[in-house]
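The values are calculated or read from the model by the stated rules, or taken from the named source; none is laboratory data. As the structure is a prediction and not an experimental result, all values here were calculated from the model. Cβ atoms come from the backbone with ideal geometry, glycine included; neighbour counts cover every protein chain shown.
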Amino acid sequence: MEIGYIKLYRKITNSFVWTNPNMLKLWMLCLMKASHSGNKFLFNGKEVVVSSGEFVTGRDAIAKEFNEGVPRDQQIVGRTLWRWIKKFEEEQMLSIKSTTKYSVITVKNWNEYQASDQQVSNNRPSTVHQVSTIKNAENAKNAKNKDNSRQSAKRTYDEDSIHYQLASSLFKEIQNNNPEARSPNLQTWSDDIRKMIEIDNRKPEQVENMIRWSQSNDFWSSIILSAKKLREKYDQMRVQALKGTNTSKKQPYSNPSTRKETLPDWAKEENQQVEEKPMDEKTKAEFMERLKKIQSFGKE
């Protein structure tokens with residue numbers, strides 16, 4: 001979620017969500033997840049662009065966030081949370097656009113309430129979003145300084161951002177190879193991923209594919225242990241990946257009886273030292289004389 005704060009008015013006590021603490025928590029989560037000024041998200045491997053007041057989620061995703069740190073016997077199942085979100089939609093608090101992979105949720109009248117810090121007028125509809133707003137000016141300011149190294153070190157990446165999710169994906173792949181791998185600073189990794197996309201002009205799907213390829217390769221999986229190293233070695237790995245080198249763990253069509261022999265270094269050096277030199281006239285004459293004697297030996 002983006003950094004910032006929630007501005008909460010006392011009128012929220014008159015809302016229907018006030019009578020249900022978990023429903024109130026869900027509504028506040030929706031407000032906190034809504035984008036301040038637009039953003040890009042990677043959700044289930046799909047890049048999604050959202051406008052201000054929107055966020056991307058799904059039933060399982062919202063349940064995971066809602067129940068984070070909650071004792072198991074007090075957690076709320078995803079279908080119940082989604083039913084409450086549908087209730088919010090019925091009350092004109094938000095709208096939902098769903099695909100087979102994700103849903104984009106839009107908080108109604110977001111720009112009206114986000115644009116000002118003043119208290120909401122009594123003439124406006126008495127829905128709960130009327131009394132809440134989010135201020136994320138600091139995050140919007142950070143987004144303008146893409147290539148400034150001093151500012152990029154101070155960036156804070158939303159866990160739903162494409163940069164953070166790719167960084168997290170890399171760490172999960174590393175963990176699959178080494179369950180004892182130490183947890184990295186995913187904010188630092190996210191910044192390296194951002195540089196790959198914005199400075200190196202890599203597409204998010206290209207970065208994701210290279211993450212998977214590097215961690216499925218016997219050699220590179222021991223080298224690529226950070227996002228910084230992924231960026232540093234990207235071009236070198238891409239060349240090998242395009243050539244289809246036989247160092248990958250998965251080779252379903254390889255013939256185990258066929259093996260490529262590699263010429264040893266010492267043999268390469270000897271080959272380089274051997275050069276064909278033409279015979280001079282004296283050597284050639286001596287060679288022809290010896291050849292004549294050998295040929296006449298059997299006739300005598």
TODO: Might you let me know whether the range 210-218 holds any residue that is part of a loop (DSSP other than H, G, I, E, B) and modelled with pLDDT under 90?
DONE: no
- [ ] State all residues of the range 175-190 that are closer than 24 Å to Lys40 by Cβ and part of a helix (DSSP H, G or I); if no residue qualifies, say none.
- [x] Leu186, Gln187, Thr188, Trp189, Ser190
- [ ] Could you grab me the full set of residues in the range 4-43 that are at pLDDT below 85, within 24 Å of Asn67 (Cα to Cα) and loosely packed, with under 14 Cβ neighbours inside 10 Å?
- [x] Tyr5, Ile6, Leu8
Open item on the list: The conditions are (1) surrounded by fewer than 20 Cβ atoms within 10 Å (Cβ to Cβ); (2) over 16 Å from Tyr164 (Cβ atoms), and Asn217 fails exactly one of them. Which is it?
Closed with: (1)
Open item on the list: Based on this model, can you work out whether Ser103 counts as exposed (fewer than 12 other Cβ atoms within 10 Å of the Cβ), closer than 20 Å to Glu47 by Cα and not hydrophobic (A, V, I, L, M, F, W, C)?
Closed with: no
